[in-house]
Amino acid sequence: MTTFVASLFLPHTIHFHDLPDPDQNPTPPVEPRMLGDISQSNSANDTRSTTTALSLLSKGTATPPQTPSAKEHDDFFSQVQPTVTDHFSKLDPRTLVRSDSHVPEGGIAKVFNQPRSRAAAPLPDTILEYAKAQERAQAMKARMGRKISPTRSRNLTKEHGSDGRWASEWSVVPAVQGNGGLNNAIQAAKHKGLLTEVTSVGTIGFPTDVLDEGKKMEIAEKLESEHDSLTVFVNDSDLDGHYTHYCKTILWPVFHYQIPDHPKSKAYEDHSWVFYVNLNQAFADKIIENYKRGDIIWVHDYHLCLVPAMIRKKLPDAQIGFFLHTAFPSSEVFRCLATRKDLLEGMLGANLVAFQTPEYAHHFLQTCSRILSVEATEDGIQRDNQFVNVWSFPIGVDPPALQLARKAPEVLQWTKALQERFAGKRLIVARDKLDNIRGVRQKLLAFELFLNKYPEWREKVVLVQVATSTTENHELNETVSSIVTRIEAQHSTLAHQPLVFLRQDIAFSQFLALMSVADALMITSLREGMNLTCHEFIMCQDGEAAEQKHAPVILSEFTGSSVVFGGSELAVNPWDYRQCADAIKKALEMDADEKARRYNKLRDIVMSTTGDNWVAKLSEHLAKVHQEHFQRDTMSVPRLSVSKLSEAYKNAGKRLLLLDYEGTLAPFGSVNKTVLTNMDRVTEVLNDLIADPKNHVYVMSGRTAEELEMLFGRVPGIGLIAENGCYLREMNTDDWIEFADEESTSTWKAAVKEILQYYCDRVENSWVEERHASLTFHYPRATTHDDSPNRQAGDCASHIYDACQNQRVKAVPTKESVIVEPMDWDKGTAATHLLKKLQKEGPVDLLFAAGNERDDEVVFRWGKELLDKQEVRDVFTVNVGHRNTVAMATLTQGTTGKCLNDPPDMPLLTLSGLLNVLKRLVKI
């Protein structure tokens, strides 16, 4: 059994040793986690240094002057770069990678010798220019469609380098981009034996149009045979359009609450969506091609939202999980996406959709309910014939591997060098990508306020901010540069520089050393799924008693890690600069006892929320829900064994029969119509059943008590359950038990009526049906050209849920209606009340429950629990229909035939169905 782990980038990539293009930079990085040129200085005009800090240490010049300049700090963190082969030949198979890898400015080809993209230039920002560009592209396509001479064809091939000159010599190296936290977790799980056969699925992280098919096959075979990786090849246009345009320009900002409402937004561009679909389809095809029955498929992150549904279409029984590593926004933000439905439908192709925190899972449930008009429960999404579980469990780091990495000689050397470099100073450290999400600007403004507000700390504290450079936002770069310049001008002295701002990443060994000597870590992300840097920081603060600093963590409350830590960190709102400044002061002045108390809690959380534990829990939960889905499927649920039912019925002393009305005993429709079409046969069978004193027969319905009395007036003595369990009339009585009394329902009904009326005014031909304990908003079925009714219904359900969640009321979207009813009463609670009362007079030997709606599932689940606890000897729960169910048996032949003037999907019960079974029981 193989576990496929699909993410955009494979854990490995290719480094080419020969250089067909002389413009390529042949110099590789010092190690796979060196993401940028670390010799780059703060000033754009400074020249790059090639002197290593470690060589300075060996010459006795490690102690810097007391007035360090920005240039000297850059020199301190710079290194001479060895060759790729020298470094990677020494790598251990379980080498730890940085959890949040940042791709360097200039792309991955800047780190390794790899092909350049042959994708077309990005399309214009404005809609008008975009339309003109499309016209030009179509004209160019028409011209290119003309016959090309063989000589011209050879020249084009030579010009674009597709003659296979790339790579007479190449090697496989660990990738510097991708999901480092995921890769570390998978490696940890494999090391502990939690995963045995794992196959990674992804791209190799660089454009491949320049490579011929033979070279691609050669690379793919090596990665598959030696590194258990399936390589997905897509053309350069699809790769660039998917990642650079759709993912980074549209999905990434929206998933992190950046609404695309500014003039330069490209959220309207439909061309990038095509690229996104193409790449997702390539992933799905690769997995389907290699899938064997019993394999497990895990799809990771927002780059591949469509893959689960694409696989499900071809492999309906596959075990598929989807995990979103980023944040998931509220429905108000997500609905801004033009392709919102496609993305949700794609994710719902999985058996399990998992998130980092319960907040993100809740947002997903609410978004699906609002946009897709589906029923969202606490456990997941109920669709017509499919249930998708929704869960949350946070990812973590690999503590043993981190502790081992900290003992490396280069880490120890850097630790000593940093201690000497910043002797007598309190060190605040930070490492972020310089984009609009990480909150670097807010952090610098808060630090500036701290220096102004608490001048006594100006000469004692240093903020080391590692900021991976990016070209995505020039305005942000200029703003940050302005703040950095202002801080240096106002607060730097001859003896002290309070801010060290590095516009490039540093080596992983330097990162671990910096985390080990720090007095505080400061993270001010404006929104983030899970920040594993703070987890790594906590582990780096552990060690021998003399080395333990137990430094506190200043952490944005908008990160998933803040939810996990539960208050042991110093939580801040990054937009509240005064609070952040005060948090810095508190972190620096915190006494040793409070530091130890907070740190011990944080360490316990990090040690329990590890990467391997995350893999194990997700795998276990996916297996569980997949088995539940398999059991619920009508193809897996056995047919009702009438012979076994008859035998149990014959031997039972006391029997409880619960029969749903609409869709089970009669088709859906109005009361008058139902009476005229089907009640003769139903009345005959029910009268025969209640004639036996051993039988306690109850009909369950969503209709009002008055309607049920009218329907079953010719069945004297029958028990009735009205409004889905809110009202109960016991057998042989005329009195109704009101579980939902009018006083308790009048409060919320008044408010809900106003909400429903608001949507009635906006949906033509809609109306509100009021019952004693519930309200139903009926609306016409949406056509393919007008989705407004469905959208309004989703908004209606979401509106009511938000407004009335404290009043124990739920709004359930169904076909052509939204049902608003109490949470505390249902058919299951009414059935429980009946059983307890009957058991006081003696044991109930047989329970028979039949239904076909979502409201009947609670009764089916309750019946199974009774059987498991052996409270009832024989239990038969029967689903009459084709929907997925938790019932023990199905009776699909009971839903054949059509009734004139009914909607085409409404069943008409025939004598071959449930009535026939009940007639047979009567004859026993």
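The values are calculated or read from the model by the stated rules, or taken from the named source; none is laboratory data. Computed from a predicted model, the values in this text were never measured in an experiment. Methodologically, a virtual Cβ is constructed for each residue, glycine included, from the backbone with ideal geometry; neighbour enumeration extends over all protein chains shown.
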Note to self: So in the stretch 611-621, with the set limited to residues that are crowded, with 19+ Cβ neighbours inside 10 Å and in contact with a Phe, Trp or Tyr (Cβ under 8 Å, 6 or more places away or on another chain), which one is nearest to residue 387 (Cα to Cα)?
What the structure shows: 618
Item checked: Answer residue from the stretch 745-773, given it is buried (at least 18 other Cβ atoms within 10 Å of the Cβ) and of a type in the set (Ser, Thr, Tyr) and is nearest to residue 699 (Cα to Cα) among those -> 745
Next item on the list: Name the single residue, out of those in the stretch 673-706 being within 47 Å of the chain's Cα centre (by Cα) and basic (Lys, Arg), that is modelled with the lowest pLDDT.
Entry: 673
Item checked: Among the residues listed as 586, 595, the single one being out of contact with any strand residue (DSSP E or B) (no Cβ under 7 Å at 6 or more places or on another chain) and either buried (at least 19 other Cβ atoms within 10 Å of the Cβ) or free of Cβ contacts under 8 Å to residues at least 60 places away in the same chain (or both) -> 595
Next item on the list: For residues that are in a loop (DSSP other than H, G, I, E, B) and of a type in the set (Asp, Glu), scanning just the stretch 707-735, find the one that is nearest to the chain's Cα centre (by Cα).
Entry: 730
Next item on the list: Search the stretch 640-672 for residues being under 18 Å from residue 861 (Cα atoms) and either outside the structural domain of residue 705 (by TED's automatic domain parsing) or hydrophobic (A, V, I, L, M, F, W, C) (or both), and hand back the single one that is modelled with the lowest pLDDT.
Entry: 640
Item checked: Set 868, 874: member being loosely packed, with under 14 Cβ neighbours inside 10 Å, modelled with pLDDT of 85 or more and of a type in the set (Asp, Glu) -> 868
Next item on the list: Scan the stretch 282-309 and report the pairs whose first residue is in a helix (DSSP H, G or I) and whose second residue is of a type in the set (Phe, Trp, Tyr), with Cβ atoms within less than 6 Å and a gap of 6+ or a chain change.
Entry: 287/4; 302/255; 304/283; 307/283; 308/322
Notebook entry, point to check: Given the structure, is residue 595 of a type in the set (D, E, K, R) and modelled with pLDDT under 95?
Noted result: yes
Check: Any idea how many residues of the stretch 812-826 are crowded, with 20+ Cβ neighbours inside 10 Å and at pLDDT below 85?
Finding: 2
Next item on the list: Please go through the stretch 362-383 and pick out each residue that is out of contact with any helix residue (DSSP H, G or I) (no Cβ under 6 Å at 6 or more places or on another chain), part of a loop (DSSP other than H, G, I, E, B) and of a type outside the set (Asp, Glu).
Entry: 377, 383
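Taking the residues in the stretch 472-524 that are of a type in the set (A, V, I, L, M, F, W, C) and touching a Ser or Thr at 6+ places or on another chain (Cβ under 7 Å) as candidates, determine which candidate is surrounded by the fewest Cβ atoms within 10 Å (Cβ to Cβ). Please lay out each step first, then the result.
Here is the first cut: in the stretch 472-524, the residues of a type in the set (A, V, I, L, M, F, W, C) are 476, 480, 483-484, 487, 489, 494-495, 499-502, 506-508, 511-515, 517-518, 520-523.
Those left that are additionally touching a Ser or Thr at 6+ places or on another chain (Cβ under 7 Å): 494-495, 513, 517, 523.
On the way: 494: 7, 495: 10, 513: 25, 517: 22, 523: 25.
The selected residue is 494.
Among the listed residues 348, 372, which satisfies the condition of being crowded, with 22+ Cβ neighbours inside 10 Å, of a type outside the set (Phe, Trp, Tyr), assigned by TED's automatic domain parsing to the domain that holds residue 255 and in contact (Cβ under 8 Å) with a residue 24 or more places away in the chain? Spell out how you get there, then give the answer.
Details: 372 fails: crowded, with 22+ Cβ neighbours inside 10 Å.
Of the residues listed, the single one that is crowded, with 22+ Cβ neighbours inside 10 Å, of a type outside the set (Phe, Trp, Tyr), assigned by TED's automatic domain parsing to the domain that holds residue 255 and in contact (Cβ under 8 Å) with a residue 24 or more places away in the chain is 348.
Taking residue 475, is it part of a helix (DSSP H, G or I), farther than 30 Å from residue 251 by Cα, in the same structural domain as residue 420 (by TED's automatic domain parsing) and without any contact (Cβ under 8 Å) to a residue 24 or more places away in the chain?
On the way: part of a helix (DSSP H, G or I): yes; farther than 30 Å from residue 251 by Cα: no; in the same structural domain as residue 420 (by TED's automatic domain parsing): yes; without any contact (Cβ under 8 Å) to a residue 24 or more places away in the chain: yes.
When the stated conditions are applied, residue 475 does not pass them.
Per-residue answers, yes or no, for (1) crowded, with 21+ Cβ neighbours inside 10 Å; (2) modelled with pLDDT of 95 or more; (3) outside any strand (DSSP E or B); (4) of a type in the set (Ser, Thr, Tyr):
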| residue | (1), (2), (3), (4) |
| --- | --- |
| 403 | no, no, yes, no |
| 413 | no, no, yes, no |
| 419 | no, no, yes, no |
| 428 | yes, yes, no, no |
| 450 | yes, yes, yes, no |
| 459 | no, no, yes, no |
| 467 | yes, no, no, no |
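Can you go through 685, 699 and tell me which one is touching a strand residue (DSSP E or B) at 6+ places or on another chain (Cβ under 8 Å) and either aliphatic (A, V, I, L, M) or loosely packed, with under 14 Cβ neighbours inside 10 Å (or both)?
It is 699.
Taking residue 336, is it within 17 Å of the chain's Cα centre (by Cα) and at negative phi?
Details: within 17 Å of the chain's Cα centre (by Cα): no; at negative phi: yes.
Criteria not met by residue 336.
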Margin query: Restricting to the stretch 588-640, name every residue that is under 30 Å from residue 551 (Cα atoms) and more than 33 Å from the chain's Cα centre (by Cα).
Written below: 588, 589, 590, 591, 592, 593, 594, 595, 596
Check: Within the stretch 430-440, which residues are farther than 22 Å from residue 586 by Cβ and not in a loop (DSSP other than H, G, I, E, B)?
Finding: 433
Item checked: Members of the stretch 486-528 found to be β-branched (Val, Ile, Thr), within 22 Å of residue 570 (Cβ to Cβ) and in contact (Cβ under 8 Å) with a residue 60 or more places away in the chain, listed by number -> 500, 517, 523, 524
